[in-house]
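The values are calculated or read from the model by the stated rules, or taken from the named source; none is laboratory data. Just so we're clear, the structure is a prediction, and the values are computed from it rather than from any experiment. Methodologically, a virtual Cβ is constructed for each residue, glycine included, from the backbone with ideal geometry; neighbour enumeration extends over all protein chains shown.
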Amino acid sequence: MRIVVTGATGFIGQSLVGRLAAEGHQVHILIRKPRAGLPPQIPYSIWDAQQNDPPAAALEGAEAVIHLAGEPIAQRWNEAVKRSIRTSRVGGTQRLISALSQLGTYPRVFIAGSAIGYYGSRGDEILTETSALGQGFLAEICEEWESAANLGLALNMRVVRLRTGMVLGKEDGALARMLPAFRAGAGGRIGSGEQWMSWIHLHDMVSMIIAALTNEKFTGAVNAVAPGPVRNLEFTHALAGELRRPAIFPAPMFLLRLLFGEMAEAVLEASQRVMPVVAEKSGFDFRYTELGPALRDLLRS
């Protein structure tokens with residue numbers, strides 16, 4: 001299958017492109033700027049999602065598009081950063097769909113990133129793909145982001161909107177950022193520790209994207225999370241236990257708010273108990289359904 005991937009040099013994108021190439025797919029990646037270490041056998045084109053339209057030549061003949069590009073969420077928010085998040089994710093998706101609409105033939109499937117931020121912070125409520133939109137900046141962005149992806153429906157593409165939780169990997173992402181503090185014995189719960197965390201192992205995240213290429217049961221909103229969400233306190237104890245370190249120092253919320261501003265409340269304190277109903281009904285086989293084995297694989301491999 002000829003597949004175009006945006007965001008291919010990101011945390012998920014790098015693993016995804018490697019797996020797709022290993023499985024024999026013809027992959028073309030869209031990246032913001034050239035960088036060292038790109039696989040020599042993978043052709044690329046330059047595209048800045050915030051500035052211009054993607055090159056038509058890169059999209060010609062694509063049977064599938066996997067759109068993961070976007071400004072990182074995990075940074076201190078200010079008005080400029082929030083504009084950049086919106087422009088890269090919403091505007092970038094609109095530009096990509098517009099460019100695809102100019103082709104003679106369209107891809108069969110359009111897989112777009114989204115996030116469980118769609119649901120806002122919902123306490124102990126069990127959230128599925130049919131749950132209502134939440135409140136807050138991330139919920140607003142996700143709604144606009146997904147609406148932009150749904151423009152692909154007019155091109156008769158199957159549109160998959162992956163509402164991704166916390167992706168666990170040892171090279172990058174949230175877990176990698178936590179490890180220095182936890183390895184030093186300075187890790188701890190965030191706030192009360194009662195908030196729910198919905199996570200997914202990087203292997204399963206990539207496998208779900210690949211499954212969505214051909215499994216037509218993947219359509220519309222899909223929660224890209226493992227079926228075993230945990231409370232923050234449980235996550236903290238599990239991570240500390242795998243590292244054989246204490247976890248007795250709670251992260252003070254006043255400090256997190258000082259460091260991350262509005263993002264601390266929207267992401268770090270949010271309680272999202274999300275279940276992958278669509279993926280499970282599609283027959284997707286999770287390798288890691290429980291947190292302990294997922295952490296063990298990542299930390300001891």
Task: Looking only at the stretch 150-179, and only at residues there that are more than 19 Å from ARG287 (Cα to Cα) and of a type in the set (S, T, N, Q), the one that is surrounded by the most Cβ atoms within 10 Å (Cβ to Cβ) - done: ASN150
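Taking the conditions exactly as written (surrounded by 18 or more Cβ atoms within 10 Å (Cβ to Cβ), farther than 23 Å from LEU16 by Cβ and not charged (D, E, K, R)), does ILE190 satisfy them or not?
Working: surrounded by 18 or more Cβ atoms within 10 Å (Cβ to Cβ): yes; farther than 23 Å from LEU16 by Cβ: yes; not charged (D, E, K, R): yes.
Here the answer is yes, as ILE190 does meet what is asked.
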Task: Residue within the stretch 55-76 that is surrounded by 19 or more Cβ atoms within 10 Å (Cβ to Cβ), at pLDDT below 95 and touching a helix residue (DSSP H, G or I) at 6+ places or on another chain (Cβ under 8 Å) present - done: yes
Open item on the list: Looking at the stretch 190-209, I want the residues that are polar (S, T, N, Q) and have a partner that is in a strand (DSSP E or B) and crowded, with 22+ Cβ neighbours inside 10 Å with Cβ atoms under 7 Å, at least 6 apart or on another chain. Which pairs are those?
Closed with: SER198/VAL274
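Report the residue count in the stretch 98-117 for those that are among the aliphatic types (A, V, I, L, M) and closer than 13 Å to ARG158 by Cα.
Let us first name the residues in the stretch 98-117 that are among the aliphatic types (A, V, I, L, M), namely 99-100, 103, 109, 111-112, 115-116.
Keeping just the survivors that are closer than 13 Å to ARG158 by Cα gives 109, 111-112.
Of the residues in that region, 3 qualify.
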- [ ] Working only within the stretch 152-184, note down all residues that are more than 30 Å from GLN94 (Cα to Cα), in contact with a helix residue (DSSP H, G or I) (Cβ under 8 Å, 6 or more places away or on another chain) and in a loop (DSSP other than H, G, I, E, B).
- [x] LYS170, GLU171
TODO: Please give the number of the condition ILE73 fails out of (1) in a loop (DSSP other than H, G, I, E, B); (2) within 21 Å of PHE137 (Cβ to Cβ); (3) free of Cβ contacts under 8 Å to residues at least 24 places away in the same chain.
DONE: (3)
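Does LEU38 satisfy the criteria of being in contact with a Ser or Thr (Cβ under 8 Å, 6 or more places away or on another chain), part of a loop (DSSP other than H, G, I, E, B), surrounded by fewer than 22 Cβ atoms within 10 Å (Cβ to Cβ) and of a type in the set (A, V, I, L, M)?
Working: in contact with a Ser or Thr (Cβ under 8 Å, 6 or more places away or on another chain): yes; part of a loop (DSSP other than H, G, I, E, B): yes; surrounded by fewer than 22 Cβ atoms within 10 Å (Cβ to Cβ): yes; of a type in the set (A, V, I, L, M): yes.
Answer is yes for this residue.
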Task: Filtered residues of the stretch 210-253 (kept if in contact (Cβ under 8 Å) with a residue 60 or more places away in the chain, surrounded by 17 or more Cβ atoms within 10 Å (Cβ to Cβ), under 22 Å from the mean Cα position of the chain (by Cα) and in a strand (DSSP E or B)) - done: ALA221, VAL222, ASN223, ALA224, VAL230
Task: Odd one out for ARG296, checked against (1) surrounded by 17 or more Cβ atoms within 10 Å (Cβ to Cβ); (2) at pLDDT 90 or above - done: (1)
TODO: Kindly indicate which of LEU151, LEU179 is modelled with pLDDT of 95 or more, on the phi < 0 side of the Ramachandran plot and over 13 Å from the mean Cα position of the chain (by Cα).
DONE: LEU151
Open item on the list: For the stretch 3-22, give me each residue that is in a loop (DSSP other than H, G, I, E, B) and either modelled with pLDDT of 95 or more or in contact with a strand residue (DSSP E or B) (Cβ under 8 Å, 6 or more places away or on another chain) (or both).
Closed with: GLY7, ALA8, THR9
